[in-house]
Amino acid sequence: MKRANLSSKTSITVLTAILASGTLLSACGGNSDKQGNAAPSSSAPSASASASGTAAAAAPEVLGVQLTDMDSGGTLHGQYAGQTVTLATVDGDFADAVKTVAPYFEEVSGAKVVVQSFPGETYMEKIQLDLQVTHNFDAVLMPIANLHGFANSGLIQDLTSFTQNAASPNLDLDDFIPALLDVYGKYQGKLIAFPFKPDVELFFYRKDLFEDADIQAKFKEKTGKDLKVPTTADELKETAAFFTRSLNPDSPTDYGYSHMGSKGNSRWIWTNRLGAYGGTDVDENFQPGFNNEAGIQAMQDAVDLKQYAPKEFMELQWETANQLFADGKVAMMEQWPGLYSTVQGDGSAVKDKVGIAVTPGGAPTLGGWGLSVASQSKQSELAYKLIEFIEGKDVQLLMLKHTVDPTRTSNYNRPEISASNTMYPVLFESFSKGKILADVDAPGLSSQLNDIVELGMQEALSGKSTPEKAIEMMAKSFDKELKAAGLQK
């Protein structure tokens, strides 16, 4: 998506905005099986940690797939001996994933890889300060909204010259899922990142209920329609009403629908609908892309869905919302992929009873992280080769055990990989249909604009404001912030 250039004022304020952000991790956490409203787990060292010293086995096998391209198509042959490359990210699974890959890179490149990770509460501050001041990091692994802000501030590099002059013959940019490369990797016509960890809202439903002949007959009798997995907002609401006991005493569940309705999370109920109706958060000119019928209808849908949700809906966060679904009290739920580990966990009342589909409307909200090269890196080519290696078709599979799902089409097409995770076919389809990022895509302003959307959502969900008034307030507040930052002309 094309963006206008940042003014000097925005460049100065980008640090403050990122430090203030408390929501960027919520959709793009460091673990798809643990992710939610909290920061990623801190299982990796928070200080500088070298990947050296770990023996790298040649041509490993992952899930029955023999990995063969472990030297970037022959472009790594020890030529970086004696050099060191430092990559910075957050503690947890993502740091562990890079550390798993690093020894293989060291073996074929000759370079030493240092993975420096920080706790979720401070990593954005640490990395931002380094990119602006100390310049110790050569590569960074960050949420996409941050990387777009860094690109506008000139803190990370355009990778195009590297892909043209230093790339592996096996790079194959077209193999990245197109929506991921376009939304995550490209900015203002430049390639600023490789997609690392994709994320997307999914639709979870009680498969056992939808396949029950008696329930199907009752749904047919009540609605005159066949019971099926909803594909539109109207179907979702009608089906949710049937599965809500307060509206249908015969319902096998207490509630038909759920999500996280608490402040900080509720905007994704809206963005899942907004994209489906053709709206967006901000357009290519940094104008609000929701001050229209798409925005109003999406907000009305969110308000309508509340009546089918748990009574404590507006207090529900990651763990509490997921637990209600795992306890069998909810028929359908839109949530990030990590819900699946909860429903399949010990003590879950719905283990092996849950199906997964694309969110109704077919335009799910995207989260995700990417890999970029710091503009001030003294080892730019080496840093590029590292992130290229990490995102190689074969090497990517080494990170599956750390919940880093593939970003390449070819890996979803490998039968062994597709069969290894029941979510993968739906994830792949959802990545291709995602339209709006979990955090408003405005450099340096994501936190402030997220807060504005959350305020509008809470006002509408609580009945304090109509959907029309909530959208009007949000649009006016967006205009004020975007103009003050010099983004909007």
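The values are calculated or read from the model by the stated rules, or taken from the named source; none is laboratory data. Source: prediction; values computed, not measured. Neighbour counts are summed over all protein chains in view; Cβ atoms, including those assigned to glycine, are modelled from backbone coordinates with ideal geometry. For the accessible areas, the whole protein counts, side chains as well, though only heavy atoms, and no ligand, DNA or RNA atoms are used. Shrake-Rupley method; radii C 1.70, N 1.55, O 1.52, S 1.80 Å.
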**Check on residue 102, over 23 Å from residue 150 (Cα atoms), open to solvent by less than 10 Å² (accessible area, probe 1.4 Å) and in a helix (DSSP H, G or I)** = yes
**Matching residues, segment 460-483, being without any contact (Cβ under 8 Å) to a residue 60 or more places away in the chain, part of a helix (DSSP H, G or I) and either of a type outside the set (D, E, K, R) or crowded, with 18+ Cβ neighbours inside 10 Å (or both)** = 473, 477, 481
**Prompt:** With (1) part of a loop (DSSP other than H, G, I, E, B); (2) within 20 Å of residue 115 (Cβ to Cβ) as the list, and residue 420 as the residue in question, which single condition is left unmet?
**Reply:** (2)
**Asked** Can you find a residue in segment 133-145 that is open to solvent by 30 Å² or more (accessible area, probe 1.4 Å), closer than 17 Å to residue 379 by Cα and in contact (Cβ under 8 Å) with a residue 40 or more places away in the chain?
**Response** yes
**Complete:** Of the residues in segment 122-181, those that are assigned to a helix (DSSP H, G or I) and not hydroxyl-bearing (Ser, Thr, Tyr) number 29
**Message:** Anything in segment 298-312 that is in contact with a helix residue (DSSP H, G or I) (Cβ under 7 Å, 6 or more places away or on another chain) and free of Cβ contacts under 8 Å to residues at least 60 places away in the same chain? List them, or say none.
**Reply:** 298, 310
**Test result for residue 284, open to solvent by 40 Å² or more (accessible area, probe 1.4 Å) and either polar (S, T, N, Q) or more than 27 Å from residue 148 (Cα to Cα) (or both)** = no
**Asked** Somewhere in segment 440-459, is a residue among the charged types (D, E, K, R), in contact with a Ser or Thr (Cβ under 7 Å, 6 or more places away or on another chain) and either over 22 Å from residue 183 (Cβ atoms) or in a helix (DSSP H, G or I) (or both)?
**Response** yes
**Prompt:** Within the bounds of segment 227-238, is there any residue that is at pLDDT 95 or above and closer than 22 Å to residue 147 by Cβ?
**Reply:** no
**Message:** Going through 460, 438, 442 one at a time, which residue ends up being over 24 Å from the mean Cα position of the chain (by Cα) and closer than 27 Å to residue 275 by Cα?
**Reply:** 460
**Fill in**
The correct count of residues that are open to solvent by 20 Å² or more (accessible area, probe 1.4 Å) and closer than 30 Å to residue 68 by Cβ in segment 347-402 is 7
**Message:** Tell me yes or no: at least one residue of segment 427-434 is at pLDDT below 95, part of a loop (DSSP other than H, G, I, E, B), at negative phi and buried (at least 23 other Cβ atoms within 10 Å of the Cβ).
**Reply:** yes
**Asked** Taking into account only those residues within segment 216-226 that are in contact with an Asp or Glu (Cβ under 9 Å, 6 or more places away or on another chain) and farther than 10 Å from residue 242 by Cα, which is least open to solvent (accessible area, probe 1.4 Å)?
**Response** 216
